1. Which residue is surrounded by the fewest Cβ atoms within 10 Å (Cβ to Cβ), if the candidates are limited to region 271-299 and must be more than 22 Å from residue 202 (Cβ to Cβ) and of a type in the set (D, E, K, R)?
2. Consider residue 215 against the criteria (1) modelled with pLDDT under 80; (2) at positive phi: it satisfies all of them except one. Which criterion is unmet?
3. Scan region 187-198 and tell me whether some residue there is assigned by TED's automatic domain parsing to the domain that holds residue 298, of a type outside the set (Gly, Ala, Ser), surrounded by fewer than 20 Cβ atoms within 10 Å (Cβ to Cβ) and touching a residue at least 60 places away in the same chain (Cβ under 8 Å).
4. Kindly indicate whether any position in region 231-251 is at pLDDT 85 or above, over 20 Å from residue 204 (Cβ atoms), in contact with a helix residue (DSSP H, G or I) (Cβ under 7 Å, 6 or more places away or on another chain) and surrounded by 17 or more Cβ atoms within 10 Å (Cβ to Cβ).
5. Within region 147-169, can one find any residue that is modelled with pLDDT under 80 and closer than 20 Å to residue 91 by Cα?
6. Just checking, which of 293, 254, 267, 258 is touching a helix residue (DSSP H, G or I) at 6+ places or on another chain (Cβ under 8 Å) and at pLDDT below 90?
7. So which residues in region 160-175 are surrounded by fewer than 22 Cβ atoms within 10 Å (Cβ to Cβ) and not in a helix (DSSP H, G or I)?
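The values are calculated or read from the model by the stated rules, or taken from the named source; none is laboratory data. If you're wondering where the values come from, they're calculated on a predicted model, not measured in any experiment. Using ideal geometry, Cβ is built from the backbone for each residue, glycine included, and neighbour counts are taken over all protein chains shown.
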Amino acid sequence: MTPQQQQAVLTIAMLAAFADGAKDDSEREEIRRIAQSLAADGHMPDLPRLYQDMLLRRTNLAAATALLQDPAHRHLAYEMAVCVCDVDGRKTAAEQQFLQELRQALGMAAADTSSFDREEQTLVDVMEPPAPAVAQRTALQPTTIADGAATAANADLDKTILNYALLNGALELLPQSWASMAIIPLQVKMVHAVGLAHGVELDRGHIKEFIAAAGVGMASQYVEQFGRKLLGGLLGKVAGSTLGGLGQAATGMAFSFATTYALGQVAKRYYAGGRVMSTAVLRETFQELLGPAKQLQNQYLPQIREKAATLDARQIMGLARGG
C-alpha cells in the first residue's frame with residue numbers, strides 16, 4: 001500500500017472510532033496521540049492533520065474511500081472499521097449506520113463481506129460480558145496469608161500476568177485484522193484474575209472501568225494495534241490474499257505485550273492496596289510501568305514470535321471465550 005492508501009485506511013478507522021459520538025475528551029486525546037505516534041513511526045506526517053480534519057469535519061468517507069481502488073484494500077478498510085466499532089461492545093445504531101454507509105461508499109455488497117462478518121460476529125458473541133454483578137471482597141484476605149505463602153502467591157501472579165502479556169503480544173503479530181479483538185477480552189480476564197488473587201470478585205463492567213481509568217482506551221488501543229500492523233506490513237489475510245507476513249513486523253510490533261504487562265502490574269498494586277488509588281494516580285502509575293514493560297518486551301520477543309506461530313482462529317475464539 002502507498003502512504004496515501006495507508007492514511008485513507010487509518011482515517012476510516014478513526015472515523016469508526018468516533019461513529020457513536022460517545023468518545024470523551026480523554027479518548028479523543030488518546031487517539032490524537034496515536035495519530036502522532038504512528039506518523040512518527042511510519043513517516044506519515046499528514047496523519048495528525050488528518051485527525052484534525054476528521055474532528056473539524058473537513059474529511060469524510062467519500063474522500064477516504066476514493067483513495068482505495070484495490071478490492072483487497074477496501075476489504076481491509078471495512079474489516080478494520082467493523083472491529084473498531086465492536087471492540088468495546090455490540091454496535092450501536094449509529095455505528096451500524098456508519099458501517100452501512102462505509103460499505104456503500106466502498107461499493108461492497110453484503111455478499112462481499114459475509115465470510116468476515118460471520119467470523120467477527122462469532123468473536124463478538126464470545127466477548128459479550130455476563131450479567132452485571134457488584135464487585136465485592138470475598139472472605140479470603142491477603143493479610144491472612146503467611147509471609148512465605150504470600151511471596152509464592154505474588155510470584156505466581158507475576159507469572160500469570162507475564163503469560164497474558166506474551167499471549168497478547170503474539171495475537172498482535174497474527175495477520176488477521178480481527179485477531180487483535182481478542183486482546184481486550186484477555187486483558188479483562190487478566191484483571192479479573194488479579195482481583196481474585198486479592199480476594200475481590202469483579203464483573204466485566206467494573207474491570208472495563210478500571211482499564212479505562214488507567215488510561216488504556218479500548219477503541220484507541222485497537223486503532224493503535226491496527227495502525228502498527230498496517231505500517232509494519234503485517235496485515236496479511238485480506239480477501240484471501242497476502243499483504244505481508246510474520247517476518248515483516250515493524251520495530252514497534254507486539255506493543256500489546258507491554259500494555260498488558262503494565263496493566264497487570266497496575267492492577268496488582270491497585271487491588272493489593274485496597275482500591276484507593278485515584279484515577280490520576282492510576283494513570284501515572286501505568287505510564288511509569290509502561291517504559292520498563294517495553295524493555296521487557298524486547299527480552300521476550302522470541303517467545304512472543306514462537307507463540308504467534310502456534311495460534312490459529314479456533315484457538316483465538318477459545319481463548320476469548322475462556323477455554
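1. Top of the filtered list is 288.
2. (1)
3. yes
4. Looking for residues that are at pLDDT 85 or above, over 20 Å from residue 204 (Cβ atoms), in contact with a helix residue (DSSP H, G or I) (Cβ under 7 Å, 6 or more places away or on another chain) and surrounded by 17 or more Cβ atoms within 10 Å (Cβ to Cβ), one finds none in region 231-251, hence no.
5. Checked region 147-169: no residue is modelled with pLDDT under 80 and closer than 20 Å to residue 91 by Cα.
6. Only one candidate qualifies: 254.
7. Once the filter is applied, which keeps residues that are surrounded by fewer than 22 Cβ atoms within 10 Å (Cβ to Cβ) and not in a helix (DSSP H, G or I), region 160-175 yields only 175.
Yes/no matrix, rows are residues, columns are (1) within 23 Å of the chain's Cα centre (by Cα); (2) at pLDDT 80 or above:
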{"residue": "55", "(1), (2)": "yes, no"}
{"residue": "60", "(1), (2)": "no, yes"}
{"residue": "63", "(1), (2)": "no, yes"}
{"residue": "71", "(1), (2)": "no, yes"}
{"residue": "83", "(1), (2)": "yes, no"}
{"residue": "99", "(1), (2)": "yes, yes"}
{"residue": "111", "(1), (2)": "no, no"}
